[in-house]
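The values are calculated or read from the model by the stated rules, or taken from the named source; none is laboratory data. Only a predicted model underlies this, so the values are computations on that prediction, with no experimental measurement involved. Positions of Cβ are backbone-derived with ideal geometry, glycine not excepted, and every protein chain shown enters the neighbour counts.
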Amino acid sequence: MANLKIDIEQKPQGVVARLTGEAGVDEADELDRSLRLLTAAKPALAVLDLAGMSYIASMGIGALVKFRNEISHAGGRVVLAALRPLVLDTFKHAGLLRVFQAYPTVDDAIRSAPVPSAGSAAQTGLPK
C-alpha cells in the first residue's frame with residue numbers, strides 16, 4: 001500500500017481515519033483489508049478524513065461503501081470530511097453524496113455526532 005496511508009485516531013465520539021495518497025486499483029484490496037479491521041472495532045462514528053487523498057478509483061469507492069454499509073448495519077455511522085475538489089467531484093458524479101454525509105472539516109464531522117456517555121456502545125474497542 002505504498003500509495004495510500006491510513007492513520008487511525010480514537011476520539012470520544014468514535015474514530016477518525018486519515019487517508020493519505022491515492023486509492024487506485026492497486027491499493028483497493030489493502031484499503032478493504034484495513035477498513036475491515038476498523039469494522040471489527042464497531043465504532044459509533046467513523047470519520048473518513050480525505051484531505052490527503054488526491055485520487056480514488058471506483059474500486060476504492062467500493063471499499064468505502066462496503067465499510068459504510070457494515071458500520072451502518074452494526075448501528076454506527078460513517079461520514080466523510082475535507083474532500084479535495086477532484087475527490088469530491090468523483091463522489092458527486094457517482095451519486096454517493098446521497099449515501100455519505102460529507103463535511104468541510106473533521107471537526108464539523110465530529111460535531112455531527114452526539115458525545116457518547118461512559119460505557120456506551122459507542123466505545124470503539126481500539127487501544128488507546
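The residue that is farthest from the chain's Cα centre (by Cα), counting only those in segment 71-98 that are over 16 Å from Leu50 (Cα atoms) and aliphatic (A, V, I, L, M), is Ala94.
May I ask you to verify whether Ala51 is touching a Gly at 6+ places or on another chain (Cβ under 9 Å) and either among the small types (Gly, Ala, Ser) or part of a helix (DSSP H, G or I) (or both)? Before the answer, list the steps.
On the way: touching a Gly at 6+ places or on another chain (Cβ under 9 Å): no; either among the small types (Gly, Ala, Ser) or part of a helix (DSSP H, G or I) (or both): yes.
No.
A Cβ distance below 9 Å, combined with a sequence gap of six or more or placement on separate chains, defines the contacts here; from segment 29-48, residues that are modelled with pLDDT of 95 or more reach residues that are of a type in the set (D, E, K, R) and buried (at least 20 other Cβ atoms within 10 Å of the Cβ) in the pairs Ala46/Arg68; Leu48/Arg68. Among the residues of segment 31-86, the one identified as hydrophobic (A, V, I, L, M, F, W, C) and at positive phi is Ala82. Per the listing Leu38, Leu48, Leu31, the residue uniquely crowded, with 20+ Cβ neighbours inside 10 Å and out of contact with any strand residue (DSSP E or B) (no Cβ under 6 Å at 6 or more places or on another chain) is Leu38.
Beta carbons closer than 6 Å, at least 6 apart along the sequence or on distinct chains, pair a first residue in segment 60-86 that is over 15 Å from Leu31 (Cα atoms) with a second that is among the acidic types (Asp, Glu) for Ala81/Asp49; Ala82/Asp49. Looking for something assigned to a helix (DSSP H, G or I), within 12 Å of the chain's Cα centre (by Cα) and modelled with pLDDT of 95 or more - is there at least one such residue anywhere in segment 4-19? The answer is no, given that none of the residues of segment 4-19 is assigned to a helix (DSSP H, G or I), within 12 Å of the chain's Cα centre (by Cα) and modelled with pLDDT of 95 or more.
Within segment 64-86, the set of residues being among the aliphatic types (A, V, I, L, M) and either surrounded by fewer than 20 Cβ atoms within 10 Å (Cβ to Cβ) or over 20 Å from Glu9 (Cβ atoms) (or both) comprises Val65, Ala74, Leu86.
Condition test on Gly125, is it modelled with pLDDT of 95 or more, within 18 Å of Asp7 (Cα to Cα) and more than 11 Å from the chain's Cα centre (by Cα)? No: the conditions fail for Gly125.
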